[in-house]
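Here's the structure we're looking at; comments come further down.
The values are calculated or read from the model by the stated rules, or taken from the named source; none is laboratory data. All values derive from a computational prediction rather than experimental measurement. Please note: Cβ atoms are built from the backbone with ideal geometry, for glycine as well, and neighbour counts cover all protein chains shown.
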Amino acid sequence: MYLLVGLGNYGKEYENTRHNYGFLLIDKIISRYNLDYFGKKFKSDCYQGTINEKKVFVIKPNTFMNLSGFALQEVVKFFKISLAEIIVFHDDLDLEIGRVKYKIGGGSGGHNGIKSIDENIGKDYARVRLGIGKPADLRYEIADYVLAKFSSEELKIVDKINQKIADNILYLINGDSANFLNKIIEQL
């Protein structure tokens, strides 16, 4: 079974914010594959189903971004999921909006959700980094920027990227990150 995790902050006030990019993507995957609601468990909203005959368990942690690792730790322990079967989707300031990168392990890049996950389950899981860009005005506080809502133009880009990722997620589940990224780039 694969664990797909979207990072974000729980609550209406955080909907459509840059820091909730992971939640937006997970919502697209849930919709695209008609995944079933499993309930509020493991400090998360949980969904389950299959993607092209592969079992998936999908979570949106309710712990707030900085404590995301606690939710993942509970799921990993309960289902005995290996790090090789985990894919985390999160926002990334170092990538322009519309850019997507994939990596396994490495540093957190200052992302507090990733730091929390690393501290609670280790680092060798897959990450899909979703570009949100940096504020044009360098006096803008980073916390304010990531907690601000996407503009309508940015949301169009995000929705297009999310659809491409959802349509091609099977490549990641099959361990084919090169084709996953190629499909997204060629379809944009």
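Filtered by the rule that a residue be within 18 Å of the chain's Cα centre (by Cα), part of a helix (DSSP H, G or I) and farther than 16 Å from residue 111 by Cβ, segment 142-155 gives 154, 155.
Pairing residues of segment 6-19 that are within 13 Å of residue 144 (Cα to Cα) and in contact (Cβ under 8 Å) with a residue 12 or more places away in the chain with residues that are in a loop (DSSP other than H, G, I, E, B) and of a type in the set (A, V, I, L, M, F, W, C), at Cβ distances under 7 Å and at least 6 apart in sequence or on separate chains, gives 17/147; 17/148; 18/132; 18/148; 18/150; 19/147. Restricting the first member to segment 96-109 and to residues that are over 17 Å from residue 172 (Cα atoms), and the second to residues that are in a loop (DSSP other than H, G, I, E, B) and of a type outside the set (A, V, I, L, M, F, W, C), the beta-carbon pairs closer than 8 Å and six or more apart or on different chains are 96/133; 97/133; 106/123; 109/94.
One line per residue, one yes/no per condition, for (1) among the basic types (Lys, Arg); (2) touching a residue at least 12 places away in the same chain (Cβ under 8 Å):
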site	(1), (2)
146	no, yes
151	no, no
156	yes, no
163	no, yes
167	no, yes
173	no, yes
176	no, no
181	no, yes
184	no, yes
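Can you tell me which residues in segment 44-67 are at positive phi and modelled with pLDDT under 95? Quick ask: steps written out before the conclusion?
Kept after step one, since they are at positive phi, are these residues of segment 44-67: 49, 52-53, 64.
Matches in segment 44-67: 52, 53, 64.
Within segment 87-111, being of a type outside the set (A, V, I, L, M), exposed (fewer than 15 other Cβ atoms within 10 Å of the Cβ) and within 14 Å of residue 180 (Cβ to Cβ) holds for 101, 103. Going by the conditions given, is residue 50 surrounded by fewer than 22 Cβ atoms within 10 Å (Cβ to Cβ) and in a strand (DSSP E or B)? Considered against the rule, which asks whether it is surrounded by fewer than 22 Cβ atoms within 10 Å (Cβ to Cβ) and in a strand (DSSP E or B), residue 50 comes out as yes.
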